[in-house]
Amino acid sequence: MKFWRQCFWVLLSSAFVCFVQAESSDGATAGDSSVNAMLLKMQGIEQSPLEKQAALEQGKDRALLCFRCHGEDGNSLRDYIPNLASQNAAYLFTQFEKFANGQRENYVMSKIAPSLTTDERIAIAVYFADKPVLSRAQGVMPDAKGKKVYDSLCYACHGTAGHGDQQYPRIAGQPYVFLEKTLLSFKNNDPQRRNSPMTGVIQNLTEEDLRAVASWVSNLP
């Protein structure tokens, strides 16, 4: 516990990068691990009550650095940061791996992800996926225009309820500010989003359309 607290404050102060090239429990480094193999391992953990309970306990312990922004229960403490609660575990783990290997970049996440073993990243994904999304004041009312856009373009990947699946994220109940910012980054061809299918999906939508969708999705349960 002392190590994680120390690492957290180091990250905040930017004094240096806490980076540990750690090995997973099977002896392979995070960079060498097959994501597909790890997803199969995660599936087995989720299907075994004993293994899942152990993962939940490990995930809570190792997710200490996540709590400051995403909340101890995975419900974001800041409107511009996404909820992790009830997010699909496979999607969470896959994104974790992208931060770990440099496919995605974020000032904080790019430092935290490589400092954890593959098994720890699995446990954290299982932990947050198990938490319920709590209702929050979004500051905007759901725009009916957003529902029309969602039903025509978004449901095919994210589902009619916005809960996604193993490949696509749950977006229902995410903070409006986060959704708006993310959608606009796709619209504006943010280099960090260049490989996402979303870039093509929303190019013909206006910023007004995107804000309407964000208002609708953020208010979904």
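Please treat every number below as a calculation from the coordinates, not as lab data. What you see is a predicted model, and the numbers here were worked out from it, not measured in a lab. Here the Cβ is made from the backbone with ideal geometry for all residues, glycine too, and neighbour counts use every protein chain on show.
For the pair THR206/GLN47, report the inter-label distance in nm, with labels modelled 7 Å from Cα in the Cβ direction.
5.0 nm
In the chain, how many lysine pairs have Cα atoms under 19 Å apart, counting only pairs 8 or more places apart or on different chains?
So the count works out to 15.
Extension gain TYR155-TYR80, at 0.36 nm per residue separation less the Cα-Cα distance, in nm? Present the calculation step by step, with values, prior to reporting the outcome.
Details: separation 75, 0.36 × 75 = 27.00 nm, distance 2.31 nm.
Extending this stretch completely gives an extra 24.7 nm.
Rg to Rh ratio, region 144-218, alpha-carbon atoms and Kirkwood radius? Don't skip to the answer; put the middle values down first.
Numbers: Rg = 11.2 Å, Rh = 12.2 Å.
For region 144-218, the value is 0.92.
Would you please put 195-208, 75-88, 116-129, 157-170 in order of how densely packed they are, using the mean number of other Cβ atoms within 10 angstrom per residue and starting with the highest?
Values: 195-208: 12.8, 75-88: 18.8, 116-129: 24.9, 157-170: 16.3.
Per-residue mean Cβ counts within 10 Å order the peptides as 116-129, 75-88, 157-170, 195-208.
Computed on alpha carbon atoms, what radius of gyration and Dmax characterise region 30-129, expressed in Å?
Calculated on Cα positions, Rg and Dmax stand at 12.6, 35 Å.
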